[in-house]
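Q: Structure below; questions to follow.
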Amino acid sequence: MTRLTRNPVSWVVAANVGLFVWLTGGRIVWPGHVSWLMWGDSAQHYLGWEFFRRGPLSVWPPGASPLFGVGYSSSVVYADAIPLLALPMKFLLAFTDVRFQYLGAWLLACFILQGVFAVKLLKRFGVSGVVLVPGALLFSIAPVFLYRMVIGGHGHMALAGHFLVLWALWLVLYPQLSHRRWAAVLLVSLLVQFYLFAMVAYLYVVAATWWAWRHRRERPLFVVIRGVAGNICAILVLAYLAGYFMSGSTEAEGFGMFRSDVLGLIDPNPYEFQGWSELWTRLVDQKLAYQAKPFETNGTFEGYAFVGIATLLVMPVIPIAWVSLRDKSFRVMAALMTLVSFPLFLLAVSNQVHVGGTPIWNISVPREFARFTSTLRASGRFMWPLVYCATCLSVVASVRVVVHCTKKRQFATILLVVLILFQLFDMRVALSEYRERFTEAQREVTRLQDARWTSLAAGTTCLVVVPVEAKGPSWLDFAEFALDNGLTTNSAYLSRWSQAAVEREKLRVETIMRNRSFDSECLYVAMPPIGENLESEIEQLRIAAGRDSTARTLVELLDGFIVIRRLPVTSAPD
């Protein structure tokens with residue numbers, strides 16, 4: 001027991017590894033196991049990495065990914081492939097083409113670091129000893145953390161890095177303002193995912209402002225400004241190297257749709273993934289259940305913010321601890337965490353304010369503010385700091401009240417263990433589907449079933465899909481086919497792209513199709529509109545190809561697609 005008391009972090013790490021294995025089966029850590037990634041957004045993350053690693057090593061900036069979305073490509077950043085890992089792994093694996101994924105190992109690291117920084121955060125409130133283990137585990141079984149790995153059925157792997165939010169919250173409460181410590185979390189979050197970086201950057205500004213105000217009579221303001229300016233310069237340089245400035249635009253539609261609900265903290269059911277609290281779902285008003293909500297609220301799955309039944313049960317203890325304990329340190333830090341997260345809460349609910357799924361207020365966004373909101377369109381994600389502040393204060397308050405009343409810390413540990421077991425039981429339906437996603441998920445059946453695809457691609461270097469469209473309806477099928485056959489492709493899925501670049505590439509490819517000026521290095525695939533007479537189109541292409549005496553053009557109908565391959569006469573088969 002003495003060893004556990006002295007080093008609870010090692011037990012938290014072990015518990016989180018066990019939790020990871022229990023929930024995922026553990027096999028996803030194996031680099032060669034990729035089938036669990038080949039659908040939805042997780043396929044974007046994985047294929048974005050694979051095309052990035054196959055790009056030239058001498059590309060500039062280092063984060064550029066010219067092979068993924070030829071004609072409108074940008075960087076590995078916009079494939080959400082976690083540049084923190086993609087950049088070094090590209091050089092380590094430069095001389096092999098074997099499929100390799102690091103996303104499973106990343107999720108394991110997220111579980112571990114979630115527990116480690118939860119311990120650090122709780123220690124700032126004076127929590128110590130064995131009680132830290134179950135206290136930290138409540139952060140690891142938080143629905144917002146687990147849900148992010150299965151959102152949409154496939155998950156947002158980079159956005160599972162919630163430990164960065166805990167890291168930043170810990171630094172907000174740190175006694176000194178260490179610009180070097182903040183630089184570490186800022187730069188790491190920048191190389192993980194921009195939304196996480198935005199949360200961390202906001203918390204850094206709050207911490208710097210708070211520290212400057214408290215020490216306004218001791219040190220001049222320029223000391224703080226100098227440290228902040230240095231970190232801003234480092235951020236801009238790293239953002240350039242990673243390729244953040246390559247997309248042409250960081251704006252996108254969706255602000256107000258991808259929001260959170262005012263009652264999001266107590267709403268257990270995201271739109272498409274139920275079962276995070278069976279008990280609470282039965283108790284609360286059915287207006288809070290997303291299956292009963294109007295279709296217009298579907299986007300709120302991005303703003304899922306349920307704190308979990310365990311935290312929900314002990315949240316009423318927070319005001320009790322505030323009033324009865326009369327601990328100035330607790331009050332200051334609790335007030336600070338509440339004030340810090342409140343502006344993010346306002347951003348999360350967006351300009352379309354809903355309460356329990358019912359629209360209350362629709363505020364027009366000023367033109368000057370529209371650029372900012374379009375960049376952070378999935379504003380509902382900014383509920384996460386508030387969720388973790390509520391979890392932290394609930395754990396701290398319940399521990400302090402129990403210890404104050406019983407004079408025995410063991411009772412607080414028992415209480416938290418019981419709460420953890422109860423929450424795991426209460427969300428068993430969601431956890432069952434969670435396990436199924438990682439242990440049984442397989443590649444969606446590809447539309448490219450004809451055996452002739454591979455033979456037609458032999459000898460080519462690029463795959464051109466017509467019409468050119470970012471995130472086209474069959475982008476995954478064509479991108480994986482291109483990867484398997486060593487081709488570049490204009491069929492890709494990026495989180496942000498330049499629409500002007502897409503239009504230019506679309507015009508270029510349409511010109512090629514219209515003039516029949518096919519490149520012998522490329523395989524062309526046309527996706528005709530529904531209802532078009534395919535036989536007539538193919539016949540016209542073949543007639544036009546027959547007039548070219550310098551080359552032979554093959555025109556085939558494969559799996560509903562018109563496939564075109566130009567062969568020089570000397571290379572044409574008999």
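Q: Please report the relative contact order for the chain, taking Cα pairs under 8 Å with a sequence separation of at least 6, and give it as a percent rounded to a whole number. The partial results should precede the final answer.
A: Details: 923 pairs, mean separation 100.9, N = 574.
Across the chain, relative contact order equals 18 percent.
Q: I've got another one for you. Distance between the C-alpha centers of the stretch 116-165 and the stretch 311-336? Whole Å please.
A: Centre-to-centre (Cα) distance: 20 Å.
Q: Fully extended, how many nm does the chain gain between His404 and Arg508 (0.36 nm per residue separation, minus their Cα-Cα distance)?
A: The span from His404 to Arg508 would gain 30.1 nm if fully extended.
Q: So which GluC sites (Glu not before Pro) in the stretch 379-441 are both in a DSSP loop and have at most 12 other Cβ atoms within 10 Å of their Cβ? Write out the running numbers ahead of the final one.
A: Values: sites: Glu433, Glu436, Glu440; in loops: Glu440.
The qualifying sites are Glu440.
Q: For every helix of n ≥ 4 consecutive DSSP H residues, a contribution of -39,500 (n - 2.57) applies; sum these over the chain, divide by its total residues, and give [θ] at 222 nm rounded to the nearest 500 deg cm²/dmol. Please list the in-between numbers first.
A: On the way: 23 runs with 298 residues, N = 574.
Taken over the chain, the calculation gives -16500 deg cm²/dmol.
Q: Go through the stretch 334-433 and name the trypsin sites (Lys or Arg not before Pro) that are in a DSSP coil and have 15 or fewer other Cβ atoms within 10 Å of their Cβ.
A: Details: sites: Arg367, Arg371, Arg377, Arg381, Arg400, Lys407, Lys408, Arg409, Arg428; in loops: Arg377, Lys407, Lys408.
Passing both the DSSP loop test and the Cβ count: Lys407, Lys408.
Q: Further question: Sort Ile309, Ile266, Ile232, Ile141 by Cβ crowding within 10 Å, fewest neighbours at the top.
A: Ascending Cβ contact count within 10 Å gives the list Ile232, Ile266, Ile141, Ile309.
Q: Which of Lys328, Lys120 comes first, and how do the rest follow, when ranked by fewest Cβ neighbours within 10 Å?
A: Going from least to most buried by this count: Lys328, Lys120.
Q: Residue farthest toward the positive end of the dipole of the chain, with Cβ of Lys/Arg at +1 and Asp/Glu at -1: which of Leu238, Val502, Tyr524?
A: Comparing the listed Cα positions along the dipole, Leu238 ranks first.
Q: Here's something else I'd like to know. Quick one: putting +1 on the C-beta of Lys and Arg, -1 on the C-beta of Asp and Glu, what dipole do you get for the chain around its Cα centre, in Debye to the nearest 20?
A: Dipole about the Cα centre, nearest 20: 3220 debye.
Q: Give the calculated FRET efficiency between Gln449 and Asp97 to the nearest 0.05, with a Förster radius of 41 Å applied to their Cβ-Cβ distance.
A: Here the calculated transfer efficiency is 0.95.
Q: Right, next: Show me the three semi-axes of the equivalent ellipsoid for the chain, from the C-alpha gyration tensor (sqrt of 5 times each eigenvalue), largest first, rounded to whole Å.
A: 49, 25, 23
Q: At a Förster radius of 45 Å, what calculated FRET efficiency corresponds to the Cβ-Cβ distance of Trp60 and Val21, to the nearest 0.05?
A: 0.65
Q: Once you have the Cα-Cα distance between Arg181 and Glu521, take 0.36 nm times their residue separation minus that, and quote the gain in nm to one decimal.
A: Numbers: separation 340, 0.36 × 340 = 122.40 nm, distance 5.07 nm.
Stretched fully, the Arg181-Glu521 segment lengthens by 117.3 nm.
Q: Counting other C-beta atoms within 10 Å, which of Glu469, Glu503 has the fewest, and how do the rest follow?
A: Listed from fewest to most nearby Cβ atoms, that is Glu503, Glu469.
Q: Then there is this: Considering all alpha-carbon pairs of the stretch 126-235, what whole percent are spaced by more than 21 angstrom? Each step should come with its number before you reach the end.
A: Details: 2797 of 5995 pairs.
That tail contains 47 percent of the Cα-Cα pairs.
Q: How large is the dipole of the stretch 4-138 about the Cα centre if only Lys and Arg carry +1 and Asp and Glu carry -1, each at its Cβ, rounded to the nearest 20 debye? Display every interim value, and only then the final one.
A: On the way: 9 positive and 4 negative charges, 92 e Å.
That gives the stretch 4-138 a dipole magnitude of about 440 debye.
Q: Another question, then. Assuming R0 = 60 Å, what is the FRET efficiency of Ser10 and Ala500, from their Cβ-Cβ distance, to the nearest 0.05?
A: According to the calculation, E is roughly 0.65.
None of the figures in this text is laboratory data; all of them are computed from the coordinates on show. Because the structure is a prediction, the values reported are computed rather than measured. Methodologically, a virtual Cβ is constructed for each residue, glycine included, from the backbone with ideal geometry; neighbour enumeration extends over all protein chains shown.
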